[in-house]
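Inspection log for the structure reproduced underneath, given as C-alpha cells.
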Amino acid sequence: MTIAGCVMQNSFTEENYLKIIHNLSGPEGADVSTNALAEGTATRAASVTDMLRKLAEKDLIHYKKYQGVRLTSKGEKLALKVIRKHRLWEVFLVDILGFGWDEVHDIAEELEHIPSDRLVERLDAFLGNPQFDPHGDPIPDAKGNMPTANYLKLSEVIEGEKVLMMGVLEHSPTFLQHLDRTGITLGCEMEVREVNQYDKSALVVVDRDKTLFVSQEVSKKLLVQRL
C-alpha cells in the first residue's frame, strides 16, 4: 500500500471510531467503554486502546484508561459530518439508483469517507435537503443540527391504537428483508388489535388490509408515531 493509501485508510478508521462512539454514547453523550467499542468495531481491545490514544492526541475524544471515552466538541462535529454523508448517500442509493433499503448500508460505509464538502452539499441540494434516510434515521444538516422526532417503539403501543411506521433500530439485511416480506415499510399504517400476554407478540393490521403477528423481538425494533 502507498503512503497516501495508508493515510487514507487511517482516516477511514478514525472516522469509523468517531461515528461508533457517537452512536454508542446515545443522546445523553454517555461515556463508552473500551469493551463496547471492541465489540462495535469487531477489534481486539488492545487495538481499540491504541486508536483511542491517537484520537485523544488529536483532541477528538476525552479518554482516560478504565474510565471510558466520549467525544470532544471537535470529535462530535466530525462524527456528525460522517453520519450526514452516510445517510445522504443512502437516500441517493434508494431514491435515485433504486437500491433496496436492505442493500445500501455497506455501500454508504464506503461513500461516507469521500472528503469533498462541495460534493456533499450538492448531493444534499439535489436530493431536496432530506431530513431522514431510508431507515427513518435523522440526517444532520451542514451545521450538525439533527432533526428531532418523538417516536415510540411498536412494543410500547397498546391495543386499539393506530400508528405510522417511521423507522427501524436495526439495519441488518436479514431484518429489513423480513420486514419487506411481511409488508411492513416506512410510512405504512398499523393498528394493534391484540397483544399476547404470554410472549408479548402483537396482532397487527397493516394498511387496513393485511393482518399478521409481530413478535416482541421485532416490535422492539420498529419506531412508530401515533395517529
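Top to bottom by accessible area (1.4 Å), largest first, where do T148, T41 land? Mind dumping the intermediate values first?
On the way: T148 125, T41 35 Å².
Result of the area sort, largest leading: T148, T41.
Expressed as a whole percent, the accessible area of the range 99-227 that falls on carbon and sulfur atoms is 50 (1.4 Å probe). In the chain the Cα-Cα distances spread across 10 Å bins starting at 0 as 7, 28, 31, 23, 9, 2, 0 percent of all pairs. Here the chain is treated with +1 on each Lys and Arg Cβ and -1 on each Asp and Glu Cβ, and its dipole about the Cα centre works out to around 720 debye. Give me the angle, in degrees from 0 to 90, between the Cα long axis of helix 45-57 and the longest principal axis of the Cα atoms of the chain, rounded to the nearest 10. The helix 45-57 is inclined about 70 degrees to the chain. The C-alpha atoms of the chain define a longest principal axis, and helix 73-91 lies at about 50 degrees to it.
Exposure check, 1.4 Å probe, all protein chains in place: I158 carries approximately 110 Å² of accessible surface.
How tilted is helix 117-126 with respect to the longest principal axis of the chain? Cα atoms for both, answer in degrees (0 to 90, nearest 10). Its long axis makes an angle of about 20 degrees.
Ranked from largest to smallest solvent-accessible area, with a 1.4 Å probe on the protein heavy atoms, E217, E15, E170 come out as E217, E170, E15.
The values are calculated or read from the model by the stated rules, or taken from the named source; none is laboratory data. The shown structure was predicted, so the numbers you read here are calculated from the model rather than taken from an experiment. Cβ sites come from the backbone with ideal geometry, for glycine too, and all protein chains shown count toward neighbours. Accessible surface areas use protein heavy atoms only, side chains included; no ligands, DNA or RNA. Shrake-Rupley method; radii C 1.70, N 1.55, O 1.52, S 1.80 Å.
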